[in-house]
Amino acid sequence: KAGVTQTPRYLIKTRGQQVTLSCSPISGHRSVSWYQQTPGQGLQFLFEYFSETQRNKGNFPGRFSGRQFSNSRSEMNVSTLELGDSALYLCASSLDGTSSYNEQFFGPGTRLTVL
Amino acid sequence: SQKIEQNSEALNIQEGKTATLTCNYTNYSPAYLQWYRQDPGRGPVFLLLIRENEKEKRKERLKVTFDTTLKQSLFHITASQPADSATYLCALGDNSGYSTLTFGKGTMLLVSP
């Protein structure tokens, strides 16, 4: 079974631009979560999607948004980029999201650098 | 606010010894706790899950304990190998039904031959 894939792997943008990151979960997984990882803050939860609906959202500004498609693929968008948005963005999928005990399978991440 | 603490300093041990990593939390009542391994430039990889009503879980050379009174989990790697060198993250989840995890910042483990 193919793992979680994320594209692109690396991205360089300038302040004020916007960016869209893509995540394809493991086949059959319906829950997709996004996390931001920085050296200072560690892994921080952005949002979770299940069956095309955002089920939970972390404490991030409205510039961060996402969506999930009918095939469970997900995208996240960051508008008006700031220097502090430079981070590794990780996508994780889990089986059905209805059990609290589902392990999460992470993708390799997208390394975003904002100049 | 919820806080999860893991040793920020790297843990250096010799091959063959047991590595013990600590995860402490405050202002949280987790339903379960997970441990992940993360190698540089890669996403975290799930290792073990332990529920709030479980005291200990084992998987091969790995052992996790969970003390909800002390609000602490210990993660042990026995007979450690240089290939075990990585950053280990603990993550807490609640019983909301969501997959959301709250992560600690991780502890880097370095196993020298």
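The values are calculated or read from the model by the stated rules, or taken from the named source; none is laboratory data. Nothing here was measured: the structure is a model prediction, and the numbers come from that model. Don't worry about glycine lacking a Cβ; one is built from the backbone with ideal geometry, like all the others, and counts go over all protein chains shown. Surface areas here come from the heavy atoms of the whole protein model, side chains and all, with no ligands, DNA or RNA. Shrake-Rupley method; radii C 1.70, N 1.55, O 1.52, S 1.80 Å.
Assorted remarks:
- Per-region count, the stretch A:10-49, residues open to solvent by 30 Å² or more (accessible area, probe 1.4 Å) and within 26 Å of residue B:34 (Cα to Cα): 9
- Lone unmet requirement of (1) at pLDDT below 95; (2) within 21 Å of residue A:37 (Cβ to Cβ); (3) hydroxyl-bearing (Ser, Thr, Tyr); (4) open to solvent by less than 50 Å² (accessible area, probe 1.4 Å) for residue B:88: (1)
- Check on residue B:43, farther than 17 Å from residue B:64 by Cα and in contact with a Cys (Cβ under 9 Å, 6 or more places away or on another chain): yes
- Residue count for the stretch B:32-66 satisfying the condition of being at pLDDT below 95 and acidic (Asp, Glu): 2.
- Scope the stretch B:15-46; condition hydrophobic (A, V, I, L, M, F, W, C) and buried (at least 19 other Cβ atoms within 10 Å of the Cβ); matching residues: B:19, B:21, B:23, B:33, B:35
- Checklist (1) surrounded by 15 or more Cβ atoms within 10 Å (Cβ to Cβ); (2) more than 13 Å from chain B (Cβ to nearest Cβ) applied to residue A:88, failing item: (2)
- Of the residues contained in the stretch A:73-81, none is found to be at pLDDT below 95 and crowded, with 20+ Cβ neighbours inside 10 Å.
- Residue ID - farthest from the other protein chains (Cβ to nearest Cβ), chosen from residues in the stretch B:1-46 that are in contact with a Leu (Cβ under 6 Å, 6 or more places away or on another chain) and aliphatic (A, V, I, L, M): B:19
- Enumerated strands (runs of 3 or more DSSP E) restricted to the stretch A:1-68, each holding at least 1 residues that are away from every other protein chain (no Cβ under 13 Å), without any contact (Cβ under 8 Å) to a residue 12 or more places away in the chain and small (Gly, Ala, Ser): none
- One residue stands out among those in the stretch B:51-85 that are in contact with a Ser or Thr (Cβ under 8 Å, 6 or more places away or on another chain) and at positive phi: the one that is surrounded by the fewest Cβ atoms within 10 Å (Cβ to Cβ), which is B:79.
- A Cβ distance below 8 Å, combined with a sequence gap of six or more or placement on separate chains, defines the contacts here; from the stretch B:96-113, residues that are within 12 Å of chain A (Cβ to nearest Cβ) reach residues that are crowded, with 19+ Cβ neighbours inside 10 Å and of a type in the set (Asp, Glu) in the pairs B:98/A:48; B:99/A:48; B:100/A:48.
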